[in-house]
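The values are calculated or read from the model by the stated rules, or taken from the named source; none is laboratory data. Predicted model, so just to flag it, every value in this text is computed and none were measured. We place every Cβ from the backbone using ideal geometry, glycine too, and count neighbours over all the protein chains shown. Surface areas here come from the heavy atoms of the whole protein model, side chains and all, with no ligands, DNA or RNA. Shrake-Rupley method; radii C 1.70, N 1.55, O 1.52, S 1.80 Å.
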Amino acid sequence: MKFNKIIQILIILMLPLINFSCGFYSFSGSSLPSHLRTVAVPMFENKTSEFGVREDITGAIINQFTQDNSLKVTDRRSADSIILGTITNIREQAGAYNVEEQVKEIKVNVYIHAKFEDLKKHKVIWEEQIIQWGIYNPNLPAGEEGSTRQDAIKEAIDKIVADIFNKTVSGW
């Protein structure tokens, strides 16, 4: 019985310390400068012959920021910041072979040059070459997810959008 009393006293004494030590931690997740509240995302430039990819990536970035609401998407004239990008290359390569040495998976790499600029202070916050990939299986039945080159490009775009978003709002 005495042991339970000691435990209760220790817990009561430690509660204020636990509460105090957690009081300064923030879960906001954003390391954006406080003066940046809006972002413009103009159509990405496309230096490839791939049709529709610039619309897909630009739209996906706008959707991500709209859903998250860490920066309000607006036009270039009224924006505090801007994300600019160029699709520089889309390249395919065999990724895996089956036992008959036939291609089982094809890897599609999408190369983007992107940057995030602070328009208020006229400075580049980050600028980077981003390379991401998606995989498709040409042996899958037509219409099945993961059976087309477009499925692989969409997978790569989703990864690129996550990279751009995380670099912008988290700084890492």
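So here's what we get for this one:
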quantity	calculated
Accessible-area ranking of 104, 121, largest first, probe 1.4 Å	121, 104
Dipole moment magnitude, nearest 20 debye, region 27-73 about Cα centre, only Lys, Arg, Asp, Glu C-beta charged	220
Region 126-172, dipole about Cα centre (Lys/Arg Cβ +1, Asp/Glu Cβ -1), debye to the nearest 20	40
Residue-level accessible surface for residue 78, protein heavy atoms, 1.4 Å, Å²	60
Protein accessible area in region 28-172, 1.4 Å probe - carbon and sulfur %	47
1.4 Å probe accessible area per residue over region 64-111, in Å²	60
Set 47/104; 47/123; 123/159; 72/115 screened for pairs whose C-alpha atoms are more than 20 Å apart	47/104; 47/123; 123/159
Solvent-accessible ranking of 50, 100, 105, largest area first, probe 1.4 Å	100, 105, 50
Theoretical gain in end-to-end length, residue 123 to residue 88 [0.36 nm per residue, Cα-Cα removed]	10.3 nm
Solvent exposure ordering (accessible area, 1.4 Å, most first) of 73, 99, 108	99, 73, 108
Full-stretch length increase - residue 158, residue 131 - with 0.36 nm per residue and alpha-carbon distance subtracted	8.5 nm
Distance between region 134-169 and region 37-75 - C-alpha centres, whole angstrom	17
